[in-house]
Amino acid sequence: MASADAKAADAKATGAAAPAAAAAASDADAEKEARKAAKKAAKLAEKEAKKAKAAAKKAKGGFNAPGSRAAKKEKAMAGGAKKAAEVNPDEVQPVTPEGAKKVLSKSIAKAYEPAAVEHAWYAWWEAQGYFRADASSPKPKFVIVIPPPNVTGSLHLGHALTNSVQDTIVRWRRMCGYEALWVPGTDHAGIATQTVVEKKLKKQEGVSRHDLGREEFLKRVWQWKEEYGGRICKQLRRIGSSLDWEREAFTMDDNLSAAVKEGFVRMHENSLIFRDNRLVNWSTQLKSAISDIEVDYIDLEAVTEVAVPGYKDKVQFGGIWSFAYPFADGSGEIVVATTRPETMLGDTAVAVHPDDERYKALHGKSLRHPFVDREIPVICDAELVDMAFGTGAVKITPAHDPNDFETGKRHKLEFISILTDDGRINANGGSRFAGQPRFEARKTVLAALEEAGLYRGVKDNKMRLGLCSRSKDVIEPMIKPQWWVDCKQMAADACEAVRDGRLEIIPQMHERTWFGWLENIRDWCISRQLWWGHRIPAYFVRLPGDDAETGQPGSSSERMERWVVARTEEEALAEARRRFPESAGELTLSQDEDVLDTWFSSGLFPFSVFGWPNESADLDAFYPTSLLETGHDILFFWVARMVMMGMNLTGKVPFKQVYLHAMVRDAHGRKMSKSLGNVIDPLECIEGIALKDLQAKLEQGNLDPREVKKAQAGQAQDYPNGIPECGTDALRFALTAYTSQGRDINLDVQRVVGYRQWGNKLWNAIRFAMMNLPEDFKAPTAAEARDVKAAPLAVRWVLAKLNEAAAAINAAMEAYDFNTATSSIHAFFQYQLCDVYIEASKALLSEASKDEAAKRAARVGLWLCLDSGLRLLHPFMPFLSEELWQRLPKEGSEVAGIESIMIAPYPTAIAEWADPDALATMAAVNAAAGAVRSLRASYNLPSKTRPEVFIHAKTAAAADTARAGAPVTASLSLSASVTVVTDEADVPKGCGVAIVNPEVTAHVLLAGAIDAKKEVASLEKKVAALESQLEALDKKMSGADYVARVPAKVQDAEKAKREKLSGERDAMHKAIAEFKAML
């Protein structure tokens, strides 16, 4: 199809890199290898057949899916021997050396085997440098960075969706003439990676990271990363991701680490990063702070028992417990209520509303804490206290509650932290409770209150319970000195970028979420109490005479003015000496033990991968990037932070567009969950897996045994026969086809299976082409490809449909409308090429046909459809399209000399192929052929029966159209001939009748082909039914108020309906008479 000369020349130059001599040698080796393999297979066939028979008898249980690990041996033994005996040597797939261009079998195999098709292509693409982008290229740039998956991770359906969509976009842009760059990378995943390695050390060596020390522990993490960290990159290759692996990035690489350090320093210099002692979201399981958006919430309506990591028994939440504080002077008590009774150990006040008449006499009085030696005041606070809620008196725990924290600052209350980092009561909570886990202390505190006569009961209380998104631990607000990012101005700038069009969010509905979050953004805590990650470039200055206990980093009394931020320790020392000249010779520095939140380095990813903060050719050529494609679930985690940090540090919006795809759910619309058994490894779809192996994987995991049983039951219901081998292309196509903007994806594996079967149909279409393109077939030149006005109708029609498909797919890809794009390519191959054109062209290509010009035109049409169609398909199904396209003869054509389909130009609409007349004529042909086929089916005519067909056209225009399409109608309707008549008297007796439209009726000569008596009885029943419909319609239309009451449009529709029913009845009466004449 249409392509710029520059594109073709560039593709040819790239493709010319493969040595001709090596290719010739490979062909010779391939033929030799094929003969050898066939000979050996035949020799062993008898022996293997016996083994296969025994294996088949032994086989038990469910379906072993083709391609599954469990099935491979059984499949090889049970089916391999028989197939080996029938092997055609020309279909044997020769061995391809690693990285070499795939050596194809001499003849195309009879069936599509995904594993065989996908073999070798990716390694060759990568070796040829087709994924590599050139910063100096004059082509327009299209740049996208991968959302870096965790280095600990393995491929899941979310990754498969993300990368299928991204690779489809990148391959399409590359074929459209762009210098396309897709940057791969992985994230160091601070919490996840450290947890994995710590568990491994504990299990295998019985040691903790503290036993090893920081330096040795980090060595072990790097060792683990080198050994296991590349797994997901191998899997990305497995699904065909055309990433520029020479630019692969890891967020802990030296250059990215330098960028993180530079970003921190610059933002600190601009007062965007600061140190403060504030409440943080503390995970006692991780022993680290986490950010607000790493907190998940569950809604509770009433007292509910919730499983909490680290606790044997479930813990009660969703209640509000009341207890009394006695006055210090013994004059009475005041009752307060709390959702977290254990925090009363850190109370430093009770607040009431200043206007609450019940408590006016108590203002300023002191209360006695019943468990610690402490008096606490009654304070007045109109901002915090709601007089109508509870008792109207609120206990204040400034160190463990966000609202109380602000109240504590307003009233200069004492901030008493009562918890250790692992969630146990510390000494501040009193000796009676010290050492108890916080939720065990909840029980003992309530028991102690009851024992003291102070407990007043519990009531249901609606609440939102915050959980750590990583550990599922209940979040504990704790006061800690940490590093924070002031996001307000950066968030405002990010909002403005969307409003003024510098950044486009697709689908647009997500803009509301974008503005809602950024306009209400809070400061971002970026300190993490981990060892694996980017250590914070901040140094604490210690001066001679410092108290070893107070003022130290990390403590509530930390001297925050002592922190120095610098790129190196030498810079920090110089700055410390400048700030503390009196102790310049004696001061010492210690670097912050904490590391940065992983999302901080991820926020720099779109420019740090190109060498920022240093100037580079890549940074100049490829930044800002073109598109960021990801799931909408990380809009806050990652996308917003990239925009904020990119604009602040580079002055540019890091990408022009953000496309947010939907979430993948199971066929029932349920979220993917291990406990439901609906989590699918993409490789299980690609390779296939038996039910027993699916269930065995659950048993190998860490699910509770009861959940394993539940999950296995779910698997047995959804995959009773396992998952058959579908291949990478079918999975990619299904995921991309499902991607409709703004909707979640309910993935039904059977739909993936359907696309695998569709792949087989494409395979057979190519086989048909190969059989009908003679060995000396010359592909059409550009001129011949466009000179189609004199071609047969079917050729002109299919090229016009190909034109429509190309236009629709390109428009859909520009709009990220993947559903329309995939539907268009699927419809062209399935319904237009395979179902219509291939069938219509059989008569043109038959040996009986003497019209050589028509034969050539039909073959050229077929070749053009396959060449352009496969190129249209390539971004979606890269392996199958490459395998089939390589088999097409190309010499003399526009794509001659292009080594790979992935660097061939993407098809666009060709003016010469637009043909409204052909489309209109074929629409009539398809309608007539469809009517005849339906009539054949109603009479159960076998396909070998080829009756004569007579088309009665009531108008001259309809007759002209029917005559123009008569040969194609005959091919599509399996008819011996199609004769067009304008006088119904010219239709012979003994025909079945089908109404095509009011102007056209199809008559199929049935004499001798059917049981006339039986047909008369059948038609008389149909006539009776039609008479009933006409009678009801006549009664309605003859009503006295029909004209006045019924809208004119409805009257017109009912009149047309009556004419149609009447026509059908009259035709059936005529057919009955004719059938009776045959008796």
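Inside the range 873-898, can you point out the residues that are open to solvent by 10 Å² or more (accessible area, probe 1.4 Å) and under 21 Å from A730 (Cα atoms)?
Q886, R887
In the range 363-387, what count of residues is obtained for those that are more than 25 Å from N277 (Cβ to Cβ), open to solvent by less than 40 Å² (accessible area, probe 1.4 Å) and either hydroxyl-bearing (S, T, Y) or assigned to a strand (DSSP E or B) (or both)?
2
Would you be able to tell me the number of residues in the range 289-332 that are of a type in the set (A, V, I, L, M) and in a loop (DSSP other than H, G, I, E, B)?
Filtering the range 289-332 down to residues of a type in the set (A, V, I, L, M) leaves 289-290, 293, 295, 298, 300, 302-303, 306-308, 315, 320, 324, 328.
With the extra rule that they be in a loop (DSSP other than H, G, I, E, B), the set shrinks to 302-303, 307-308, 328.
Residues in the range 289-332 being of a type in the set (A, V, I, L, M) and in a loop (DSSP other than H, G, I, E, B): 5 in total.
Residue-wise test of (1) of a type outside the set (S, T, N, Q); (2) out of contact with any Pro (no Cβ under 6 Å at 6 or more places or on another chain); (3) surrounded by 20 or more Cβ atoms within 10 Å (Cβ to Cβ).
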{"position": "P149", "(1), (2), (3)": "yes, yes, yes"}
{"position": "S154", "(1), (2), (3)": "no, yes, no"}
{"position": "W172", "(1), (2), (3)": "yes, no, yes"}
{"position": "G177", "(1), (2), (3)": "yes, yes, no"}
{"position": "V183", "(1), (2), (3)": "yes, yes, yes"}
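Each row is one residue, and each column tells you yes or no for (1) among the aliphatic types (A, V, I, L, M); (2) farther than 29 Å from H400 by Cα; (3) in contact with an Asp or Glu (Cβ under 6 Å, 6 or more places away or on another chain).
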position: G533; (1), (2), (3): no, no, no
position: Y539; (1), (2), (3): no, no, no
position: R542; (1), (2), (3): no, yes, no
position: A548; (1), (2), (3): yes, no, no
position: M560; (1), (2), (3): yes, no, no
position: W563; (1), (2), (3): no, no, no
position: T568; (1), (2), (3): no, yes, no
position: L573; (1), (2), (3): yes, yes, no
position: F580; (1), (2), (3): no, yes, no
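Just for helices (runs of 4 or more DSSP H) wholly inside the range 62-170: which have at least 2 residues that are modelled with pLDDT of 90 or more and more than 25 Å from the chain's Cα centre (by Cα)? It would help to see each step written out before you state the result.
Details: elements: 69-85, 114-118, 121-128.
Result: 121-128.
Looking at I273 and the list (1) open to solvent by 20 Å² or more (accessible area, probe 1.4 Å); (2) modelled with pLDDT of 95 or more; (3) β-branched (V, I, T), which single condition is not satisfied?
(1)
Could you list all residues from the range 899-922 that are among the polar types (S, T, N, Q) and open to solvent by less than 30 Å² (accessible area, probe 1.4 Å)? Walk me through how you get there before you give the answer.
First pass over the range 899-922, keeping only residues among the polar types (S, T, N, Q): 900, 908, 921.
Of everything in the range 899-922, those that are among the polar types (S, T, N, Q) and open to solvent by less than 30 Å² (accessible area, probe 1.4 Å) turn out to be S900, T921.
Just checking, does the range 687-705 include any residue being under 30 Å from K312 (Cβ atoms), in contact with a Ser or Thr (Cβ under 9 Å, 6 or more places away or on another chain) and modelled with pLDDT under 80?
Keep residues of the range 687-705 that are under 30 Å from K312 (Cβ atoms), which gives 695-705.
Retained after the next criterion (residues that are in contact with a Ser or Thr (Cβ under 9 Å, 6 or more places away or on another chain)): 703-704.
Within this subset, residues satisfying the condition of being modelled with pLDDT under 80 are 703-704.
The answer is yes; a qualifying residue exists.
Identify the residue in the range 504-531 that is under 24 Å from L649 (Cβ atoms) and out of contact with any strand residue (DSSP E or B) (no Cβ under 7 Å at 6 or more places or on another chain) and, among all such residues, is least open to solvent (accessible area, probe 1.4 Å).
The extreme case among them is L518.
In the range 487-503, which residue that is out of contact with any strand residue (DSSP E or B) (no Cβ under 8 Å at 6 or more places or on another chain), farther than 18 Å from F637 by Cβ and not polar (S, T, N, Q) is surrounded by the most Cβ atoms within 10 Å (Cβ to Cβ)?
Going residue by residue through the range 487-503, those that are out of contact with any strand residue (DSSP E or B) (no Cβ under 8 Å at 6 or more places or on another chain) are 488-497, 499-501.
From the residues that got through so far, the ones that are farther than 18 Å from F637 by Cβ too are 488-489, 492-493, 496-497, 499-501.
Now narrow it down to the ones that are not polar (S, T, N, Q): 488, 492-493, 496-497, 499-501.
Values: K488: 14, A492: 14, D493: 15, E496: 12, A497: 19, R499: 10, D500: 9, G501: 8.
By that ranking, first place goes to A497.
In the range 930-978, what residues are among the β-branched types (V, I, T), open to solvent by 40 Å² or more (accessible area, probe 1.4 Å) and part of a helix (DSSP H, G or I)?
Correct list: T961 only.
Given L286, L279, which one is in a strand (DSSP E or B) and within 30 Å of W524 (Cβ to Cβ)?
Values: L286 fails: in a strand (DSSP E or B).
The unique qualifying residue is L279.
Do we find that V378 is touching a residue at least 12 places away in the same chain (Cβ under 8 Å) and closer than 29 Å to E301 by Cβ in this structure?
On the way: touching a residue at least 12 places away in the same chain (Cβ under 8 Å): yes; closer than 29 Å to E301 by Cβ: no.
So V378 fails the test.
Where the second residue is part of a helix (DSSP H, G or I) and open to solvent by 20 Å² or more (accessible area, probe 1.4 Å) and the first is touching a residue at least 60 places away in the same chain (Cβ under 8 Å) and lies in the range 764-778, which pairs have Cβ atoms under 7 Å and are six or more apart or on separate chains?
N772/R859; L773/R859; F777/R859
Taking the residues in the range 654-680 that are under 12 Å from L698 (Cα atoms) and out of contact with any strand residue (DSSP E or B) (no Cβ under 7 Å at 6 or more places or on another chain) as candidates, determine which candidate is modelled with the highest pLDDT.
Taking the range 654-680 and keeping what is under 12 Å from L698 (Cα atoms), we get 673-680.
The next check asks that each one be out of contact with any strand residue (DSSP E or B) (no Cβ under 7 Å at 6 or more places or on another chain); those that pass are 673-677, 679-680.
On the way: S673: 58, K674: 55, S675: 54, L676: 60, G677: 60, V679: 71, I680: 76.
The extreme case among them is I680.
Report whether or not L870 is in the same structural domain as A806 (by the TED database), open to solvent by less than 10 Å² (accessible area, probe 1.4 Å) and closer than 20 Å to K801 by Cβ. Break it down into steps so the answer makes sense when it comes.
Working: in the same structural domain as A806 (by the TED database): yes; open to solvent by less than 10 Å² (accessible area, probe 1.4 Å): yes; closer than 20 Å to K801 by Cβ: yes.
When the stated conditions are applied, L870 passes them.
Take the range 808-826 and flag every residue that is surrounded by fewer than 16 Cβ atoms within 10 Å (Cβ to Cβ) and among the aliphatic types (A, V, I, L, M).
Within the range 808-826, A811, A815 meet the criteria.
Considering only the range 770-818, state which residues are touching a Leu at 6+ places or on another chain (Cβ under 8 Å) and in a helix (DSSP H, G or I).
Result: N772, A785, A794, W797, V798, L799, A800, K801, L802, A805, A806, I809.
Could you please give the count of residues in the range 775-816 that are aromatic (F, W, Y) and within 30 Å of V658 (Cα to Cα)? Full working, then the answer.
Going through the range 775-816, the residues aromatic (F, W, Y) turn out to be 777, 797, 816.
Now narrow it down to the ones that are within 30 Å of V658 (Cα to Cα): 816.
Within the range 775-816, residues that are aromatic (F, W, Y) and within 30 Å of V658 (Cα to Cα) number 1.
Could you go through the range 248-263 and let me know if any residue there is open to solvent by 30 Å² or more (accessible area, probe 1.4 Å), touching a Pro at 6+ places or on another chain (Cβ under 8 Å) and part of a helix (DSSP H, G or I).
Yes, because at least one residue in the range 248-263 is open to solvent by 30 Å² or more (accessible area, probe 1.4 Å), touching a Pro at 6+ places or on another chain (Cβ under 8 Å) and part of a helix (DSSP H, G or I).
Could you check, for the range 896-904, whether at least one of its residues is acidic (D, E) and in a loop (DSSP other than H, G, I, E, B)?
Our first condition is that a residue be acidic (D, E); within the range 896-904, this holds for 899.
Then drop every residue that is not in a loop (DSSP other than H, G, I, E, B), which leaves 899.
For the range 896-904, residues acidic (D, E) and in a loop (DSSP other than H, G, I, E, B): present.
Are there any pairs with C-beta distances below 8 angstrom linking a residue in the range 845-859 that is open to solvent by less than 70 Å² (accessible area, probe 1.4 Å) to a residue that is of a type in the set (D, E, K, R), with the two at least 6 apart or on different chains, and if so which?
Close Cβ pairs satisfying both conditions: L845/K855; L845/R859; S849/K855.
Name the residue, out of K480, K472, that is within 41 Å of the chain's Cα centre (by Cα) and more than 30 Å from V658 (Cβ to Cβ).
K480
Just checking: which of the strands (runs of 3 or more DSSP E) contained wholly in the range 388-486 hold 1 or more residues that are modelled with pLDDT of 95 or more, aromatic (F, W, Y) and buried (at least 19 other Cβ atoms within 10 Å of the Cβ)?
On the way: elements: 393-396, 455-460, 463-468, 476-485.
In the range 388-486, 476-485 are the strands (runs of 3 or more DSSP E) which contain 1 or more residues that are modelled with pLDDT of 95 or more, aromatic (F, W, Y) and buried (at least 19 other Cβ atoms within 10 Å of the Cβ).
Looking at the range 285-309 only, could you name the residues that are among the hydroxyl-bearing types (S, T, Y) and within 26 Å of W638 (Cβ to Cβ)?
Scanning the range 285-309 gives S288, S291, Y297.
The values are calculated or read from the model by the stated rules, or taken from the named source; none is laboratory data. Just so you know, these numbers come straight off a predicted model, no measurement behind them. Counting neighbours? That spans all protein chains shown, and the Cβs are built from the backbone with ideal geometry, glycine included. With ligands, DNA and RNA removed, areas are computed over all heavy atoms of the protein, side chains included. Shrake-Rupley method; radii C 1.70, N 1.55, O 1.52, S 1.80 Å.
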